[in-house]
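Taken together, the values in this text are just the output of simple stated rules run on the coordinates, not laboratory data. Predicted, not measured: the structure shown is a model, and the values here were computed from it. So basically every Cβ, Gly included, is an ideal-geometry build from the backbone, and we count neighbours across all protein chains shown.
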């Protein structure tokens, strides 16, 4: 369905498109029958379709992205202040530190989660016990009132 623009004043008053005979319910045409309402296989829908993908443009973008990555990596290697061996050692050291930090934070997060779950369990048990005690008190008061 396409947007045909604002409704005209005749449409606002209840007029419909299409002809109607006496006693028949008027029919409405939605969309106005313009080029956007063309059948799916027609050339018009291929041009105006909102979800059409131009694969040639996607391929050009991908090739440009790959070329840019290759040129950037080459420039980085040529202008690096350290040798390749020193750079690899520095990267390995950073990776080890990041792993260690992530492991610590992950362990901390899991222990905090466990503590939160234990606290929530304790809280629920207390609430249940309190409700059970209130119900028992209500039953005892009912029994006493019934006995009197």
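Is the C-alpha gyration tensor of segment 66-148 telling us rounded, prolate or oblate? Criteria: a/c under 1.5 is rounded; beyond that, a/b larger than b/c is prolate, otherwise oblate.
It is prolate, given that a/c is not under 1.5 and a/b is the larger ratio.
Once you put a point 7 Å from the Cα of residue 120 and another 7 Å from the Cα of residue 148, both along the Cβ direction, what distance in nm separates them?
Here the answer is 4.4 nm between the modelled labels.
Test of understanding: what is the full-extension gain from residue 112 to residue 70, defined as 0.36 nm times their sequence separation minus their Cα-Cα distance? Display every interim value, and only then the final one.
Working: separation 42, 0.36 × 42 = 15.12 nm, distance 4.40 nm.
Fully extending the segment from residue 112 to residue 70 adds 10.7 nm.
Which value in nm describes the separation of the simple spin-label points at residue 137 and residue 95, placed 7 Å from the Cα toward the beta carbon?
Here the modelled spin labels are 6.4 nm apart.
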